[in-house]
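Chemist: Here you go, one structure.
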Amino acid sequence: MSSQTTSAEVKDTLSVLHEMSTILDTGLDKETLSILISLTEKGINPEALATVVEELRREALANKGKEKP
């Protein structure tokens, strides 16, 4: 986003993106979504980020199954 973008505009944009994320059932909260957006703005490949998120979710699910009751 440009340096002239206001804080209110950023919040509005994040809200819209979070709504879209919710509709698509991504499971991303606003904070995580904000971090991912920031990383893509810094040049990180969005497809690579998606792959990392998917892998972290798989690992978390696998570890959850290993927890003791």
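Chemist: Which entry in (1) 90; (2) 128; (3) 109 is this structure's computed volume of the Cα convex hull per residue in Å³?
Modeler: (3)
Chemist: How much of the accessible area of the chain, in percent, comes from carbon and sulfur atoms when a 1.4 Å probe is used?
Modeler: Exposed carbon and sulfur together represent 58 percent of the surface.
Chemist: Using the heavy atoms of the protein chains and a 1.4 angstrom probe, tell me the accessible area per residue for the chain in square angstrom.
Modeler: Accessible area per residue, the chain: 85 Å².
Chemist: Aspartates and glutamates within cross-link reach of Lys64: Cα-Cα under 16 Å, excluding same-chain residues under 8 positions apart?
Modeler: Excluding near neighbours in sequence, the set is Glu54, Glu55.
Chemist: On to the next question. With charges set only on the Cβ (+1 for Lys and Arg, -1 for Asp and Glu), what does the dipole of the chain come to about its Cα centre, in debye to the nearest 20?
Modeler: 320
Chemist: Give the residue from Ile37, Ala50, Leu61 lying farthest towards the positive end of the charge dipole for the chain; charges sit on Cβ (+1 for Lys and Arg, -1 for Asp and Glu) and the dipole is referred to the Cα centre.
Modeler: Final value for the positive-end residue is Leu61.
The values are calculated or read from the model by the stated rules, or taken from the named source; none is laboratory data. These numbers were taken from a predicted model, which means no experiment stands behind them. Please note: Cβ atoms are built from the backbone with ideal geometry, for glycine as well, and neighbour counts cover all protein chains shown. When the accessible area is computed, the model is the full protein with side chains, heavy atoms only, and any ligands, DNA or RNA have been set aside. Shrake-Rupley method; radii C 1.70, N 1.55, O 1.52, S 1.80 Å.
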